[in-house]
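Below is one structure, written out as structure tokens; comments come after it.
The values are calculated or read from the model by the stated rules, or taken from the named source; none is laboratory data. Just so we're clear, the structure is a prediction, and the values are computed from it rather than from any experiment. Counting neighbours? That spans all protein chains shown, and the Cβs are built from the backbone with ideal geometry, glycine included.
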Amino acid sequence: MLSINLQQIVEEINSRRNRIRYPFQELGMMLTTKLNDPRHKALYMKLAKFEEQELLMDAMHYVLATPNISGNVGALFMWKLKELKNRPLQPLPVRFDTDKGYFLIGMYKHAVRGDMPVLLAGIYEFLREQKTLSCTILEKKSETGYLVAETFVEKYSEFSRDFLRTYNCAARLTMNSLWMWKGEEQLTQRLSIVGTIKLGVPVLTKRFVKGRMPST
């Protein structure tokens, strides 16, 4: 059973969006009012609680922009929401994040937009079960590529596979044999590094200088 439920994950995703944010009750009422569909108020309230706000807003704007709607407004809204959630995503990097930078350690492929909350929930669940994640540098293979020793990749791969199957996600995880380093420091052989797993890559900030990635 999830210790961090999907509602919490969705709330975190919504908190990072640049668009106007609403508490889910207010969003549910707004959808009901804007779509003039009080018959499906309970549905909109449930969707506002468990679905990403950005997708709900896009589906609402689609319905409102559709001329001469005939039939069930709720059905058109749900059709558009499903279409938005099923849109393919570009491959999503998985990184091992440290206080000095990060390694690109794998990639989620075949993911769709609606998979995002589940992918994040899977990472949170895995991290909850682990006390510490660490790796040791074995050898530098290229300009930024390192061979490392670690104990968590196989566990995470198996956990992710089972988690995605449970939630019927199309995404598939592949892990890199060579880890690509993005950081401000050169790594030395036998160096042990503690970090955590995160999805995607950090947004560039003013700390991005001379081709180097920020450490946070």
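Within segment 113-145, restricting attention to residues that are part of a strand (DSSP E or B) and of a type in the set (D, E, K, R), which residue is surrounded by the most Cβ atoms within 10 Å (Cβ to Cβ)? Can you show your working first?
Step one: list which residues in segment 113-145 are part of a strand (DSSP E or B), which gives 133-140, 145.
Keeping just the survivors that are of a type in the set (D, E, K, R) gives 139-140.
Values: GLU139: 12, LYS140: 15.
Result: LYS140.
List, please: which pairs have Cβ atoms under 8 Å, are six or more places apart or on different chains, and start with a residue in segment 147-167 that is closer than 13 Å to ASP115 by Cβ and end with one that is in a strand (DSSP E or B)?
Listed pairs, sorted by first residue: SER160/LEU173; LEU164/ARG172; LEU164/LEU173.
Sort through LEU43, LEU55 and tell me the only one that's part of a helix (DSSP H, G or I) and closer than 20 Å to LEU120 by Cβ. If you could, list the steps in order and put the result at the bottom.
Details: LEU43 fails: closer than 20 Å to LEU120 by Cβ.
One residue alone meets the criteria, LEU55.
Hey, can you tell me all the residues within segment 166-182 that are modelled with pLDDT of 90 or more, of a type in the set (Gly, Ala, Ser) and surrounded by 13 or more Cβ atoms within 10 Å (Cβ to Cβ)?
Across segment 166-182, the qualifying residue is only ALA171.
Identify, please: which residue in segment 77-107 is touching a residue at least 60 places away in the same chain (Cβ under 8 Å) and in contact with an Asp or Glu (Cβ under 8 Å, 6 or more places away or on another chain) and is, among those, surrounded by the most Cβ atoms within 10 Å (Cβ to Cβ)?
Among those residues, the one meeting the criterion is GLY101.
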